[in-house]
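To start, the structure under review is shown below, and the notes come after it.
Any read-out appearing in this document is the output of simple, stated calculations on the displayed coordinates, not a laboratory observation. None of these values were measured; they are calculated from a predicted model. With ideal geometry, Cβ positions are generated from the backbone for all residues, glycine too; neighbour counts draw on all protein chains shown.
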2 protein chains.
Amino acid sequence: MTTALLTDMYELTMLDAALADGTASRRAVFEAFARRLPPGRRFGMLGGIGRLLDALRDFRFDDADLAYLRDASVVTERTAQHLADFRFTGTITALPEGEVYWPGTPVLQVEGTFGEAMILETLILSILNHDSAVASAAARMVIAAQGRPLIEMGSRRVHEDAAVSAARAAYVAGFGSTSNLEAGRRYGVPVAGTAAHASVLARPTEREAFAAQIALSGPRTTILVDTYDIAQGIRTAVEVAGPELFAIRLDSGDLLVEARKARDQLDSLGATGTKIATSSDLDEYLIEEAQGAPIDVYGVGTRVATGSGSPTAGMVYKLVAIEGADGSMRPVAKKSSSKQSTGGDKTLVRFPDGREAWTLDGSIPDGAAAVHETIVDHGEICALERSGTERARATAAAAIAALPARARRTARGEAYRTSEEWSA
Amino acid sequence: MTTALLTDMYELTMLDAALADGTASRRAVFEAFARRLPPGRRFGMLGGIGRLLDALRDFRFDDADLAYLRDASVVTERTAQHLADFRFTGTITALPEGEVYWPGTPVLQVEGTFGEAMILETLILSILNHDSAVASAAARMVIAAQGRPLIEMGSRRVHEDAAVSAARAAYVAGFGSTSNLEAGRRYGVPVAGTAAHASVLARPTEREAFAAQIALSGPRTTILVDTYDIAQGIRTAVEVAGPELFAIRLDSGDLLVEARKARDQLDSLGATGTKIATSSDLDEYLIEEAQGAPIDVYGVGTRVATGSGSPTAGMVYKLVAIEGADGSMRPVAKKSSSKQSTGGDKTLVRFPDGREAWTLDGSIPDGAAAVHETIVDHGEICALERSGTERARATAAAAIAALPARARRTARGEAYRTSEEWSA
């Protein structure tokens, strides 16, 4: 399977016209950035860079791809032949995956010919927009949980392939594990999961269901106690597993109220070490609210996998410079109305205090450091172990730790910074 | 590639315990349904059935899958051996794809052994929840557009594989085409697209960019006129293409205002037949508002591909009946607190006036007809041409046409019906 047709048709139409008039071979720079953060967000977290490199490796047009493009008259024969030999030969730099970004931050730059850089637009944006949406939401939940572990369990609410990527993005942002087996296999994300209500309903009694689970896993397992009556479920679970039961899970009702009642009951039964795990439409706001309750583990589903109300990061991919007839690079930018941006090949820098700026002449202001790293070097993809997932996770942990208190607040607010041109 | 690991871990843990105590081989019925519609929605549209059949065909555990499950200690060796031979042998019935549904409608039922039916949960829900979310939003946009054509162009805002499925779901609901090439190849969805701002910015002048496009496509193309100044862009487009220019596209600004100005200008230039296409964060509300403006084609991106504010349909998959020790089927349902449902093997019926009900004894009330069709028959997948996309599209068109006026309103409202047990 190639990834070449995960592309909007107009890119190939534009390539067709650009091959005809010679524009395709001019040197060009494209930039990916978000004009604004989703409503209420104080920072964004970049996700998807590792997955993008995997996808770029497969971005070529095979015979089946070309047959479709010819049959559907998407491109002329000249362009079909050009695509048959297509290999990206340019250079891509990016903010490290897991880093935070702001409105205007150039998170990724592609330098190559106009033709080869332009046709990567859809693939780059799809991956960065999805994974950054999930990572950005997940990072807020990680902050709200203040060290309590989070399990990602949203697979069933979202597209089956997006689910795998969402599990990875949540893990990058600091979740501890996922329910998604393919994310475990493909990216090495730790997997977790014990039982659903079906397990209880399938047996004549709740006791038989708990006994079956404990016969398999021993008492170091998590028992779902809310199928019929929570208090009775807890009593039965401790009777069957003994006070060394690892955890109970609550999946319905007012979790704050139920968790307090469950803690008291577990303690009275001598199961003082038994943890309480909760799930049921949790998001960063409910997690923050639940911090006062005796909850030990949060299972988060729909809200993390769908970006907690903002399922896309809203990044765009814009031509910012192109080679002129005289061989020099010309900065370009759309001018009309509501969607302005700034042209030019930008060098992104950050200062030790976290401030961010970019320069157009390649200079690095005193005390600042360039933050992009090269991920594709003249067509050579820089190899990443298992898509760089563990490295991105370490980057995210450091980035979250470095955020000022104002940026770490769960309450809706404004972007804490913006990325602007450097002025001393 | 198999689809077997697109699964939550707990399903295999539960299978493990159920194989050990014999529950896995009991006959069982599971049901997929939505407890409620997304906020403000008057109806839901079922998507994903055709894709589900494709995915079920590949739901088997190959050596690589099993190696991961063993290495990660997800299952015991007995269960790994069971999975090596796994083939679904049960029967699945469903509402036809493209049909409308209500809170409580059993949209899909799986009958088989407890083990084989249970482990399909994540795959079934992922596909139905995603595709139904997009189809439901798209159907509202189709209604709002009152026959004006819609192009789906949201690929870049969502996960790269979800984008392909979203394009299919929007087409099922009545969109006319998509920008996504893979959706064109895989499902036969018509593809569309001409040029982006990069095409204009890459040339020294807008005129040269338009000339390059028209040299390739002739005047029956759509020219993007808002890179610099819309009025100048339109003048140049008509000069270069002539008054037989097919269409202009506006991608920014107040589309209602700009469309009226553009219409006047085109008419004054003699381009009275030139159409106006718009894009830029359109959704069903903006489309409805724009019906008074001279807009001929709507390009819809983010909002359709992300379900217009509701990126998941919120369907669940619940055990509703299981074979008891005496061989009879026992209805089951979760009882506690906020997530109640009704047990039993339901027969879904509809009346000629659109009312819906279900019976638990298999009877069909006078004047009603059963609406589920068998899509997997004792393990045999009922073959569908190209995932049944055209058939689902015809079903959707008929279902939308049959909706009463109250259900067709764009304004936020309540679900127009609910699905309940039949009582004469």
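Averaging the sequence gap over all C-alpha pairs within less than 8 Å and six or more residues apart, then dividing by the number of residues, gives chain A a relative contact order of 24 percent. For segment B:165-250, a Kirkwood hydrodynamic radius built from all Cα pairs, placed in the Stokes-Einstein relation at 25 °C and 0.890 mPa s, yields a translational diffusion coefficient of 176 µm²/s.
Considering only B:22, B:181, B:324, and ranking their Cα positions along the charge dipole of chain B that arises from unit charges at the beta-carbon of Lys, Arg, Asp and Glu, the one farthest toward the positive end is B:181. Its relative contact order, with pairs defined as Cα atoms under 8 Å and 6+ residues apart, puts segment A:250-355 at 17 percent.
Per-residue Cβ neighbour counts within 10 Å put A:418, A:410, A:13 in the sequence A:418, A:410, A:13, beginning with the fewest. For segment B:1-153, the Kirkwood estimate of the hydrodynamic radius, built from every pair of different alpha carbons, is 17.0 Å. What distance in nm separates the two pseudo spin-label positions at residue A:208 and residue A:63, each 7 Å out from Cα along the beta-carbon direction? A separation of 5.8 nm, rounded to one decimal place.
For residue B:374, the shell of other residues with beta-carbons less than 11 Å away shows a net charge of -4, using +1 for Lys and Arg and -1 for Asp and Glu.
In terms of surrounding Cβ atoms within a 10 Å radius of their Cβ, B:191, B:332 rank from fewest to most as B:332, B:191. Cβ-to-Cβ counts within 10 Å put B:87, A:207, A:185 in ascending order as B:87, A:207, A:185, the fewest first.
Phi-derived couplings, Karplus 6.51 cos²θ - 1.76 cosθ + 1.60 at θ = phi - 60°, listed residue by residue for segment B:356-363: 10, 7, 9, 10, 9, 10, x, 6 Hz, with x used for Gly and Pro.
Magnitude of the charge dipole for segment B:270-424, about its Cα centre and with charges confined to Cβ atoms of Lys, Arg (+1) and Asp, Glu (-1), is about 420 debye. Projecting 7 Å from Cα along the Cα-to-Cβ direction, the label point of residue A:351 sits 7.2 nm from its equivalents in the other copies, listed shortest first. The charge dipole of chain A, taken about its Cα centre with unit charges on the Cβ of Lys, Arg, Asp and Glu (plus for the first two, minus for the last two), comes to roughly 1020 debye.
Separation of segment B:114-180 and segment B:343-377, taken as the distance between their Cα centroids, equals 26 angstrom.
About its Cα centre, the protein assembly as shown has a charge dipole of approximately 1760 debye under the convention of +1 per Lys or Arg Cβ and -1 per Asp or Glu Cβ, with nothing else charged. Shape of segment B:1-67 from its Cα gyration tensor (a ≥ b ≥ c, root eigenvalues): rounded if a/c is under 1.5, otherwise prolate when a/b > b/c, or oblate? Verdict is oblate for segment B:1-67.
Shown for residue A:229: label points 7 Å from Cα along the beta-carbon vector, and their distances to the equivalent points in the other copies, 7.9 nm in ascending order. Per residue of peptide A:199-208, the mean number of Cβ atoms on other chains within 10 Å of the residue Cβ is 6. How much of the DSSP beta bridge set in chain A is antiparallel, as a percent to the nearest 5? Rounded to the nearest five, the antiparallel share is 65 percent. Based on Cα contacts under 8 Å between residues 6+ apart, segment A:9-82 shows a relative contact order of 45 percent. Working from the Cα coordinates of segment B:272-366, the gyration tensor eigenvalues give, after taking √(5λ), semi-axes of 47, 19, 11 Å in decreasing order. Neighbours of residue B:147, meaning other residues whose beta-carbon lies under 15 angstrom from its beta-carbon, give a summed charge of +1 when Lys and Arg score +1 and Asp and Glu score -1. If the chain linking residue B:70 and residue B:20 were pulled fully straight, counting 0.36 nm for each residue of separation and taking away their Cα-Cα distance, it would gain 16.3 nm. Label-to-label distance, residue B:366 versus residue B:289, with points set 7 angstrom from Cα along the beta-carbon direction: 5.1 nm. Mind jotting down the distance between the C-alpha centroids of segment B:4-52 and segment A:183-225, whole Å? If you average the Cα positions of each part, the centres end up 16 Å apart.
If you take every DSSP beta bridge whose two residues both sit in the protein assembly as shown, what share of them, in percent to the nearest 5, is antiparallel? Roughly 65 percent of the DSSP beta bridges within the protein assembly as shown come out antiparallel. Divide the volume of the convex hull around the Cα atoms of segment A:145-305 by the residue count and you get 108 Å³ per residue. If both residues of a DSSP beta bridge must be in segment A:282-424, then about 85% of such bridges are antiparallel.
Mean per-residue shielding of peptide B:218-230 is 2, counting Cβ atoms of other chains within 10 Å of each Cβ.
Positive end of the dipole of chain B, charges at C-beta (+1 Lys, Arg; -1 Asp, Glu), about the Cα centre: which of B:135, B:45, B:227 has its Cα farthest in that direction? The one lying farthest along the dipole's positive direction is B:227. Here is the tail figure for the protein assembly as shown: Cα pairs spaced more than 45 Å apart come to 27 percent of all pairs.
Across all directions, the average flat footprint of the convex hull enclosing the Cα atoms of chain A is 23.8 nm². Projected onto planes of every orientation and averaged, the convex hull of the alpha-carbon atoms in segment A:108-208 covers 9.0 nm². With the label put 7 angstrom out from Cα along the Cα-to-Cβ vector, residue B:22 ends up 8.3 nm from the copy partners, going from closest to farthest. Peptide B:189-196 has a mean of 6 when you count, residue by residue, the C-beta atoms of other protein chains within 10 Å of its C-beta.
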